[in-house]
Ligand code: DAH
């Protein structure tokens with residue numbers, strides 16, 4: 001084939017390809033053109049393959065012509081492609097118009113529950129005094145819930161804390177006190193811990209009772225711990241929680257796992273102790289139970305009561321939340337009505 005023939009052939013190919021590129025109205029069609037003209041079996045490639053029929057002296061010139069044609073086609077296709085992409089984008093933008101004047105959907109952010117706020121406050125106070133926060137299981141061996149706390153089988157205190165029994169060994173814990181035994185048994189001394197968590201009792205629901213509520217247990221075991229440490233700690237706790245003017249009163253009481261035991265009242269933070277509706281006229285509000293850990297409990301948990309002593313306490317979390325936020329019905333804490341919750 002002569003150079004002139006090839007020139008003509010290339011022009012014909014170029015014309016045809018240009019027409020097809022101009023007619024292409026989608027990226028896929030453009031790709032077809034690429035395959036048909038520039039692909040392995042494409043028309044332009046075929047010209048290159050026919051080079052062997054070209055006179056050797058014409059070959060460089062012909063090679064150059066083919067390359068020029070290829071570049072031209074590629075340029076045209078590139079132009080066409082960017083034109084198409086631009087159109088596509090414009091179309092998409094036009095379709096997806098956002099009306100910024102529409103009222104926005106309000107994202108309602110949740111709110112911490114008063115129980116959680118109160119718990120975090122209690123945790124903050126005790127962490128500040130060097131306590132660790134630990135947890136124990138809600139489904140508990142009766143051994144831990146009762147026996148290791150000096151409440152043997154048949155002891156009347158088991159009835160007082162009637163709970164939900166899974167079988168004759170396992171129950172839903174009626175108090176967080178079993179975490180005391182679990183922590184002592186680990187054998188790491190000294191101990192300074194609080195253990196918050198859910199507890200269960202077969203109580204009817206009313207303004208001050210629920211079959212499921214929360215307690216925060218506290219336990220300190222070390223050498224030379226005395227009742228004075230217990231008093232000082234809980235007095236400080238009460239002042240931090242209810243205000244610096246808060247007075248504390250320790251009333252003798254009985255718990256099987258502490259000896260001596262006490263219940264603690266705080267001066268009414270509403271009336272300052274004069275007596276009001278809040279403290280039912282007495283000027284005092286009961287907040288917790290406490291005592292020196294019974295030597296028998298220490299022994300059962302592997303601690304030598306001759307060497308170590310300690311104190312424990314148990315606080316009702318709901319009670320703290322109700323007092324602190326002046327809520328007069330415990331049921332409000334469980335209904336999860338956002339209008340109620342968001343006040344705190
Ligand atoms: N576990 C007791 C209850 O649920 C509360 C309690 C009293 C816990 C005295 C203690 C304590 O650690 O020393 O009624």
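The values are calculated or read from the model by the stated rules, or taken from the named source; none is laboratory data. Computed from a predicted model, the values in this text were never measured in an experiment. Here Cβ is always computed from backbone atoms with ideal geometry, including for glycine, and neighbour counts include all displayed protein chains.
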Picked from region 297-323 (must be touching a residue at least 40 places away in the same chain (Cβ under 8 Å) and exposed (fewer than 13 other Cβ atoms within 10 Å of the Cβ)), the residue nearest to the ligand (Cβ to nearest atom) is 302
Problem - Selection status of residue 154, surrounded by fewer than 22 Cβ atoms within 10 Å (Cβ to Cβ) and at positive phi - result: yes
Checked 93, 102 against criteria (more than 16 Å from the ligand (Cβ to nearest atom), more than 29 Å from the chain's Cα centre (by Cα) and part of a loop (DSSP other than H, G, I, E, B)); the one match is 102
Scan region 238-250 and tell me whether some residue there is touching a residue at least 60 places away in the same chain (Cβ under 8 Å), surrounded by 15 or more Cβ atoms within 10 Å (Cβ to Cβ) and in contact with a strand residue (DSSP E or B) (Cβ under 7 Å, 6 or more places away or on another chain). yes
By residue number, the members of region 208-235 that are surrounded by fewer than 16 Cβ atoms within 10 Å (Cβ to Cβ), in contact (Cβ under 8 Å) with a residue 24 or more places away in the chain and outside any loop (DSSP other than H, G, I, E, B) are 222, 227
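Out of 326, 245, which single residue is more than 16 Å from the ligand (Cβ to nearest atom), farther than 29 Å from residue 179 by Cα, assigned to a loop (DSSP other than H, G, I, E, B) and touching a helix residue (DSSP H, G or I) at 6+ places or on another chain (Cβ under 9 Å)?
245
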Going through (1) closer than 28 Å to residue 333 by Cβ; (2) within 13 Å of the ligand (Cβ to nearest atom) one by one, residue 151 fails only at (1)
If we keep only residues of region 265-290 that are in contact (Cβ under 8 Å) with a residue 24 or more places away in the chain and over 15 Å from residue 248 (Cβ atoms), then the residue nearest to the ligand (Cβ to nearest atom) is 278
Notebook entry, point to check: Any chance region 139-146 includes a residue that's in a loop (DSSP other than H, G, I, E, B), surrounded by fewer than 21 Cβ atoms within 10 Å (Cβ to Cβ) and either within 16 Å of the ligand (Cβ to nearest atom) or in contact (Cβ under 8 Å) with a residue 24 or more places away in the chain (or both)?
Noted result: no
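Given the criteria exposed (fewer than 14 other Cβ atoms within 10 Å of the Cβ) and either at pLDDT 85 or above or in contact with a strand residue (DSSP E or B) (Cβ under 9 Å, 6 or more places away or on another chain) (or both), does residue 73 qualify?
Against the criterion (exposed (fewer than 14 other Cβ atoms within 10 Å of the Cβ) and either at pLDDT 85 or above or in contact with a strand residue (DSSP E or B) (Cβ under 9 Å, 6 or more places away or on another chain) (or both)), residue 73 does not qualify.
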Checking 303, 216, 285, 221 in turn, the sole residue that is in contact with a helix residue (DSSP H, G or I) (Cβ under 8 Å, 6 or more places away or on another chain) and over 29 Å from residue 137 (Cα atoms) turns out to be 285
Residue 175 passes all but one of the listed conditions (1) more than 14 Å from the ligand (Cβ to nearest atom); (2) surrounded by 18 or more Cβ atoms within 10 Å (Cβ to Cβ); (3) under 29 Å from the mean Cα position of the chain (by Cα); the exception is number (1)
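With 303, 287 as the choices, which residue is in contact with a strand residue (DSSP E or B) (Cβ under 9 Å, 6 or more places away or on another chain), part of a loop (DSSP other than H, G, I, E, B) and within 26 Å of residue 150 (Cβ to Cβ)?
On the way: 287 fails: part of a loop (DSSP other than H, G, I, E, B).
It is 303.
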Within region 186-205, the residues that are in contact (Cβ under 8 Å) with a residue 24 or more places away in the chain, out of contact with any helix residue (DSSP H, G or I) (no Cβ under 8 Å at 6 or more places or on another chain) and closer than 22 Å to residue 330 by Cβ are 198, 199, 200, 201, 202, 205
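So that you can scan it fast, the table gives a plain yes or no per residue for (1) outside any strand (DSSP E or B); (2) modelled with pLDDT of 95 or more; (3) in contact with a helix residue (DSSP H, G or I) (Cβ under 6 Å, 6 or more places away or on another chain):
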| residue | (1), (2), (3) |
| --- | --- |
| 238 | yes, yes, no |
| 260 | no, yes, no |
| 270 | yes, no, no |
| 273 | yes, no, no |
| 280 | yes, no, no |
| 311 | no, yes, yes |
